[in-house]
């Protein structure tokens, strides 16, 4: 069985859709207003992800934990946040442990990004 990731499927779909855009432009323009709510949902998710990272930082500082332990504290909530994405509804990760580790990396990357700014 050949596995194609959701991300790859989306990329393939967008590539195909690009060629079909002109034929369906009026329909796309009619649906465009709903993208505003999608953007708001994405912003809400980013805010929640940031809160998860900040909460892990606060807990980590309280117990004098290193960054790797803080990332591990954020892993579960970050994983759940990502599982709740509409695109993943009803889907299961092919390797749950790897998916959780990737969520932990994403939380760590967000923490690194936030650390790039002065307080």
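So, in the range 55-69, exactly how many residues are farther than 18 Å from residue 98 by Cα, in a helix (DSSP H, G or I) and touching a helix residue (DSSP H, G or I) at 6+ places or on another chain (Cβ under 8 Å)?
Residues meeting the conditions: 6.
Does residue 103 meet the test of being in a helix (DSSP H, G or I), free of Cβ contacts under 8 Å to residues at least 40 places away in the same chain and under 30 Å from residue 13 (Cα atoms)?
Answer is yes for this residue.
Laboratory data are not the source of any read-out in this text; all were calculated from the coordinates shown. In this text the structure is predicted, and so the values were computed from the model without any measurement. Methodologically, a virtual Cβ is constructed for each residue, glycine included, from the backbone with ideal geometry; neighbour enumeration extends over all protein chains shown.
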